[in-house]
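Notes follow once the structure below has been shown.
The values are calculated or read from the model by the stated rules, or taken from the named source; none is laboratory data. Quick caveat: nothing in here was measured; it's all calculated off a predicted structure. Quick reminder, even Gly has a Cβ in these numbers, built from the backbone with ideal geometry, and neighbours come from all protein chains shown.
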Amino acid sequence: MEATSYDILEVIFVFYLPLLEPASNTEEDDDDFLQDAPDERHVDLVVPFKKSVKQIVRETTVVTTRRILERLAVHYVSQRLAWKLLKDVPKSAVRKAERGMPTTFYLFRVSRTTFRGHFLGVAASWIVQVGIEIYRFFNRLAKSESEEENCKVDKSEQVIILGKKVTGVTLRCSASLAFASIGAGIGATLIRPSTGQWIGCAVGDLAGPIVVSLCLEKVLHTEL
């Protein structure tokens, strides 16, 4: 039930892209630029490397979790439902296109199929993200126990923070699933069925959490 080598390589190529930018000081005079240039070129390689490794481990864990959910679906749900959850969505979009469906009906069918086929991936991502937040919650409580009394964190406040973070993760994952499904239907309609479905799903998967994060940020600023 481990991730395949293809999935791991895909995670490495996609997420192992640390942005290394040397710090620049715009307040210095032009006369001192050449003198200070060697020092400014020093780049800390450790921090972005650690972030990249954490991201790779995180995404690999998501892929592995999805494989586990797929095995559970095969063994513990009905055969029809498991078939829908594990369906090859791009190929399904091609088969639907060959039937000559009306555009609106075709878009709806591809979106619905993508929703089902993308569900386990989003569920795996939700499980991993919530697990990380729960780990951080208990880690903060454990650290506070070893500190002085005036430095201890309020457990009830931490529970509220945990609830807000889990709610945020749930909203982002739900938006990712919804936007990916709609984007897949639009992409399959406007472009070639297989390629368009894949592109639309990927774009919607990325755009959904961003839109939700921006909306939540505006709501929080409005309340403040």
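Structure data summary
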quantity	calculated
Condition broken by Val159, with the remaining ones in (1) buried (at least 18 other Cβ atoms within 10 Å of the Cβ); (2) modelled with pLDDT under 95 satisfied	(1)
Out of Gly121, Gly117, Gly100, sole residue that is assigned to a loop (DSSP other than H, G, I, E, B) and in the same structural domain as Ala178 (by TED's automatic domain parsing)	Gly100
Residue within the range 75-96 that is over 24 Å from Ile182 (Cα atoms) and among the polar types (S, T, N, Q) present	yes
So Val166, is it over 30 Å from Ala97 (Cα atoms), at pLDDT 90 or above and not small (Gly, Ala, Ser)	yes
Close pairs (6 angstrom Cβ cut-off, 6 or more residues apart or separate chains): at pLDDT 90 or above in the range 58-87, surrounded by 18 or more Cβ atoms within 10 Å (Cβ to Cβ) and not in a helix (DSSP H, G or I) anywhere	Thr60/Ala3; Val63/Ala3; Thr64/Ala3
In the range 186-209, the residues that are under 20 Å from the mean Cα position of the chain (by Cα) and buried (at least 21 other Cβ atoms within 10 Å of the Cβ)	Gln197, Gly200, Cys201, Gly204, Asp205, Gly208
Given (1) surrounded by fewer than 17 Cβ atoms within 10 Å (Cβ to Cβ); (2) of a type outside the set (A, V, I, L, M); (3) at pLDDT 90 or above; (4) over 30 Å from Ile186 (Cα atoms), number of the condition Thr103 does not satisfy	(4)
